[in-house]
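The values are calculated or read from the model by the stated rules, or taken from the named source; none is laboratory data. Predicted model, so just to flag it, every value in this text is computed and none were measured. Glycine gets a Cβ as well: all are built from the backbone with ideal geometry, and neighbour counts include every protein chain shown. Only protein heavy atoms, including side chains, enter the accessible area calculation; ligands, DNA and RNA are left aside. Shrake-Rupley method; radii C 1.70, N 1.55, O 1.52, S 1.80 Å.
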Amino acid sequence: MPLLNKKSMMTVIKEWLMVTLGILIYVGGWCIFLMPNNLVGGGVSGISSMIQYATHGTIQMGYSYLVLNALLLVAAVVVIGMGFGAKTIYAIILASVGLRVLPGLIPPDFINTIALQNGKLMSTLCGGLAAGIGIGMSISNGGSTGGTDIIAIIYTKFRNVSPGKVILYLDFVIILSSLLVPSFVPDTDPVTGEVLLGADGKPLSHLMPLGEKVTTVVYGLILVTVNSKVVDAYLMGSTRSVQLFIMSAEYEAIADAITKEIHRGVTVIDGEGWYTKNKSHILMVITRKTDLNLLLKTIKGIDPKAFLSVSHVSGVYGNGFETIKK
């Protein structure tokens, strides 16, 4: 029991740390690559960015992000459960604070060098990659960055559709709607990238021309496409499973160790060596790829001469794995 409690505690700590890291990567992508280029994304973050651009930065992205996500949290807690809700509340608060604080901490010349000078296309790709990784890390550990990925998880609870595809469809609608919202672009120093101030000390800005808005929409569509593909790729990798066939004279000790220490199911199959005609027992184990190293160490510790094969499998459904959605 103490070993189980220790493992459960370590798992919980790891999940919360991964959610935290995912949010920081997500916020970093927006603050370094997307917001400085006045790019529009999907979901609540995309709507919040449009509000910030339309209000000359008066209503900053962090504030509207928090308010809009609060409405979605109620649905998330009701449908998914309190465990998901707690991590999502934490993730949204952390993201809101990050979106409010981080832009003032990043040196303008750094953003100018790494994002502005490399053009909007490169910033779109880098921002989409960072945001997708952040969302994937959060979702795979039971959290969420808020917005359309909350809706996606709620929807995929009842339908066999990838979260990235649901996010993609919703984000297309949001980005296209940005054509109807005015956007003010801050005037920046071409060398340092710092925002220019007027005589009253307020940031100078100009209304984005229609042609530039159309271009921004194109970049936004590229952004959400990259984002959704990265989310799906990350989630597919984090949920990948492996199947092992283990042949050993110490099969009973190995089976006991797998079930009691690693807490995975074991199936014993009766076999016969065709050449020797000797009876044997084969253990079949299906587990997460993340448990593979621990499983191999356990087997080696009991029987270094054990013969086994490992193969990657997908679509594993049942207790401890994925569920078949109606």
Taking Cα atoms, the helix 210-238 axis meets the longest principal axis of the chain at an angle in degrees (rounded to 10) of 10 degrees
Over the chain, with neighbouring protein chains present, the accessible area per residue in Å² at probe 1.4 Å is 53 Å²
Along segment 105-111, Karplus-curve 3J(HN,Hα) (6.51, -1.76, 1.60; θ = phi - 60°) to the nearest Hz, with x for Gly and Pro, reads 9, 7, x, x, 5, 5, 5
Whole-Hz Karplus couplings 3J(HN,Hα) for segment 74-79, θ = phi - 60° and coefficients 6.51, -1.76, 1.60, Gly and Pro as x, run 4, 5, 5, 5, 5, 7
Expected max-MSF residue from S311, S140, S248 in the GNM of the chain (alpha carbon, under 10 Å) is S311
Under 5 Å from the placed amide H of S280, counting only residues 5+ away or on other chains, we find G271, E272, G273
Contour minus Cα-Cα span, K14 to S309, at 0.36 nm per residue, comes to 103.3 nm
Surpassing 27 Å at the alpha-carbon level, of the pairs K157/K297; K14/K229; K14/K120; K87/K213, are K157/K297; K14/K120; K87/K213
Cα-based Rg/(2.2 N^0.38 Å) for segment 105-176, rounded to two decimals, is 1.35
Expected vector for segment 119-124, Karplus 3J(HN,Hα) from phi with 6.51, -1.76, 1.60 and θ = phi - 60°, integer Hz, x for Gly and Pro, equals x, 6, 5, 5, 5, 5
Dividing the mean separation of Cα pairs under 8 Å (6+ apart) by the residue count of segment 205-303 yields a relative contact order in percent of 30 percent
Contour minus Cα-Cα span, T298 to W274, at 0.36 nm per residue, comes to 5.8 nm
So the FRET efficiency between M236 and V173, C-beta based with R0 = 22 Å and rounded to 0.05, is 0.30
In the chain the accessible area split gives carbon plus sulfur, as whole percent at 1.4 Å, a share of 67 percent
Everything considered on the Cα gyration tensor (a ≥ b ≥ c; rounded for a/c under 1.5, else prolate if a/b is larger than b/c, else oblate), segment 272-315 must be described as oblate
Connecting every pair of Cα atoms under 10 Å apart in the chain and solving the GNM, the largest mean-square fluctuation among Y219, Y26, Y169 falls on Y169
Between S241 and residues 5 or more places away or on another chain, the pairs with built amide H atoms under 5 Å apart involve K289, V313
With R₀ set to 25 angstrom, the calculated FRET efficiency between the beta-carbons of M284 and N160, to the nearest 0.05, is 0.45
With +1 on the Cβ of every Lys and Arg and -1 on the Cβ of every Asp and Glu, the dipole magnitude of the chain about its Cα centre, in debye rounded to the nearest 20, is 860 debye
Each label sits 7 Å from Cα toward the beta-carbon; between A54 and L196 the label points are separated, in nm, by 2.7 nm
